[in-house]
Amino acid sequence: MDRRTWAQDVLRCHLCETPAPPLYCDICHIHLCVACVGKHILDESKEHKVVTLKNRGFIPECSKHSKKLCELYCEQCNTPICVQCVSSGEHIGHKQVEILKTLQSKKDSLQRDLDELEKLIYPKYQEIVSNIPVQKADLHQNSKKLTTALDKHGEDLNREIDIAIQKLKSDVDEMESKHLVVLDKEENEIKRSISEIEQSIADLKKSLNSNDVSLVSSYKSRVAEFRILPPKLTVSLPRFIPQKINKEQIYRQIGSLSALSIKTEEHGYTLDSSGAESSPPGRPLIDVPRIITEINTEYGKSNSLRCVSCLNDDEVWTSGRDNMMRLYNLHSKLVKSIQTKSGRISQDIAVTQSGELVYTDPNDRTVNIVKNTQIQTVIRLQGWYPLNVCSTSSGDLLVVMITDDRKQAKVMRYSGSTEKQTIQYDDKGQPLYSSNDYTKYIRENKNLDICVADSMANSVVVVNQAGKLRFTYTGPPSTTKKQFYPDGITTDSQSRILTTDLNNHSIHILDQDGQFLRYIDNCHLQNPFGLSVDTRDNLFVGDNHTGKVKKIQYSMPL
């Protein structure tokens, strides 16, 4: 039969053209019937691997040894191997299984994944996404209710203000009336006296022009009486003494919105799968943290490095005790430098979600943002000055500040230049933060907690999004080390909290509830100050004395 017509016919044995041959040589790539297998493998000029049609093409050729088939699979090396690979000794001690069994096992696993995705996970995702428009509608409706309530409350407040102003106006009218009565009485008495004086003048002139002895003799002088002038009436005119408008009191009087709470309920959408392996945690801690890169900067003892903040995975902003903020890449190259607007030292730096640099300047009481090399002042304080700052996931700024007399400290949340939230006291009315001017680095955790490293209080203070105290960390429960001194803080994708310990040349890692997990104390940290993490949870540590920035891996990569 002409083999060019085989495509129009059933499969036939390559040697005898028997139809529907059940076997196949994976090396020669020909179909064989049972009777012809013996004849085929007698050809010893090359190897043969005869398999059923179902299993053809399953056994790959070895990438290292030409024309050798990989009949085994090395589980340690995760690769197919041939007999020659085994005899070479390269895989001694490794677990080796038949490749067809491995293939079938992996296909079974793929089928389970496909079934779970199609029948369970995909429908659940569709259900979840279908609920989002409902949430959006509820959100819009709630916003309308809030706006209406705010309008009504504003009208009530305006009405009370109008009533108070009207009362003051009525008081003004009443005082004016009383004052007028007194002035009118005084005016009438003086006018009567003037009239009498005029009459006396006329009588005197008449007598002087007359020779009538009786008329002249009857004159009685009243000059002595008129010499006593009427008493001078002094009335203190009322004045309006306006009180200074206190914005904080107004905001407290108006009320406030409860904090927005966005919770990702991951467990609520976790599907149980019988026989499925449990997923490992996202980025577990590794046993031995290691230094990946050291960035050399121009900071040092004369200009100590104080702050670091990642712009991206390859570049980090830095600041020290001069008026410059510098951007370095991983190769220690200075990419960009920005001078503060005041020409004075910045206290802290942060990077927003959109990649803009923010810095605090306590010298002129401002918080500033750098946009395309242009510096804009977004916050200017009075009676307070800013210390540390961070940018939140919602785009707000959290600013730690203290009063001029160093008697109060608080955290303020700003949306642009607008004050949104004040965090200052715990439930017992006690201050949350020390009021000195030492560093109080601040970060928002992934769970929206607000974490402050209060260095001189030797503690990390963590409040929730609403400003309620969750816990205070002062070091591990039992330790023989020096007193804990946190001078830097950051958080990672697993909501872990990382804080420096200047006294013990180390970094503490805590879980989101303040439980101590481990130290990083093996990376030659002399004076760890500022901290920041990149998108892969690599830790950037600024060394206050050497001026180096160390990039440290402390968790498993994804």
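The values are calculated or read from the model by the stated rules, or taken from the named source; none is laboratory data. Keep in mind that what you see is a predicted model, and the values were worked out from it rather than measured. Backbone-built Cβ (ideal geometry, glycine too); neighbour counts: all protein chains shown. For accessibility, only protein heavy atoms count, side chains too; no ligands or nucleic acids. Shrake-Rupley method; radii C 1.70, N 1.55, O 1.52, S 1.80 Å.
Around CYS62, under 10 Å between beta carbons, what's the net of Lys plus Arg minus Asp minus Glu among the other residues?
With Lys, Arg at +1 and Asp, Glu at -1, the neighbours total +1.
Given 20 °C and 1.002 mPa s, how large is the Stokes-Einstein diffusion coefficient of segment 286-376 in µm²/s, with Rh as the Kirkwood radius over Cα pairs?
155
Let me have the 222 nm mean residue ellipticity of the chain computed from DSSP H runs of 4+ only, each contributing -39500 (n - 2.57), with the sum over all residues rounded to the nearest 500.
That comes out to -8500 deg cm²/dmol.
Sorting ILE163, ILE241, ILE375 by accessible area (1.4 Å probe), largest first, what list results?
From most accessible down to least: ILE241, ILE163, ILE375.
Ignoring everything but the protein chains, give the 1.4 Å probe accessible area of ARG536 in square angstrom, nearest 10.
It works out to around 140 Å².
By its C-alpha gyration tensor, with a ≥ b ≥ c as the square roots of the eigenvalues, how is segment 428-536 shaped: rounded for a/c under 1.5, else prolate for a/b larger than b/c, else oblate?
oblate
Between LEU311 and residues 5 or more places away or on another chain, which pairs have amide H atoms under 5 Å apart, with H built 1.01 Å from N, and which residues are they?
Here the answer is VAL316, TRP317, since their amide H atoms fall under 5 Å of that of LEU311.
Taking the alpha-carbon set of segment 134-248, what are its Rg and Dmax in Å?
For segment 134-248, the Cα radius of gyration and maximum Cα-Cα distance read 33.4, 116 Å.
Which value, in Å to one decimal place, does the Kirkwood hydrodynamic radius take for segment 20-162 when every pair of different Cα atoms is included?
Across segment 20-162, the inverse of the average 1/r is 21.3 Å.
What residues qualify as long-range amide H neighbours of SER555, i.e. H under 5 Å apart, gap of 5 or more or another chain, H built at 1.01 Å from N?
Here the answer is ILE286, since their amide H atoms fall under 5 Å of that of SER555.
Determine the order of TYR125, TYR219, TYR554, TYR485 by accessible area, beginning with the largest, at a probe radius of 1.4 Å.
Reading off the accessible areas and sorting them downward yields TYR125, TYR219, TYR485, TYR554.
Compare VAL34, VAL223 by solvent-accessible area with a 1.4 Å probe and give them largest first, with all protein chains kept in place.
Sorted by accessible area, descending: VAL34, VAL223.
Which ³J(HN,Hα) values in Hz, rounded to whole numbers, follow from the phi angles of segment 426-438 under the Karplus curve 6.51 cos²θ - 1.76 cosθ + 1.60, where θ = phi - 60° and Gly and Pro get x?
Values per residue, Gly and Pro as x: 8, 5, 9, x, 8, x, 7, 10, 5, 9, 7, 9, 7 Hz.
Roughly speaking, to the nearest percent, how much of the chain's 1.4 Å accessible area is carbon and sulfur?
Within the chain, the accessible surface is 52 percent carbon and sulfur.
State whether segment 324-398 is rounded, prolate or oblate according to the following rule on the C-alpha gyration tensor (a ≥ b ≥ c being the square roots of its eigenvalues): a/c under 1.5 gives rounded; otherwise a/b larger than b/c gives prolate, and the remaining case gives oblate.
oblate
As a test question: what accessible area, to the nearest 10 Å², does THR293 have when a 1.4 Å probe is rolled over all protein chains in place?
30
Could you work out the relative contact order of the chain, using alpha carbon pairs under 8 angstrom and six or more residues apart, expressed as a whole percent?
Relative contact order for the chain comes out at 8 percent.
Could you give me D for segment 458-522, from Stokes-Einstein at 25 °C and 0.890 mPa s, where the hydrodynamic radius is the Kirkwood radius over C-alpha pairs? Units µm² s⁻¹, please.
203
Taking amide H atoms as placed 1.01 Å from N in the peptide plane, list the residues 5 or more away in sequence, or in a different chain, whose amide H sits under 5 Å from that of SER532.
PHE540
Label the chain by shape, choosing from rounded, prolate and oblate, from the square roots a ≥ b ≥ c of the eigenvalues of the Cα gyration tensor; if a/c is under 1.5 it is rounded, and otherwise prolate applies when a/b is larger than b/c, oblate when it is not.
prolate
Within 10 Å of each candidate Cβ there may be at most 14 other Cβ atoms; applying that plus a DSSP loop requirement, which GluC sites (Glu not before Pro) in segment 61-101 survive?
For GluC sites (Glu not before Pro) across segment 61-101 that sit outside H, G, I, E and B with at most 14 neighbouring Cβ atoms in 10 Å, the list reads GLU75, GLU90.
Could you tell me the center-to-center distance, by alpha carbons, between segment 185-211 and segment 17-92 in angstrom?
Centre-to-centre (Cα) distance: 147 Å.
Report the accessible area of SER393, computed with a 1.4 Å probe over the heavy atoms of all protein chains in place, in Å² rounded to the nearest 10.
80
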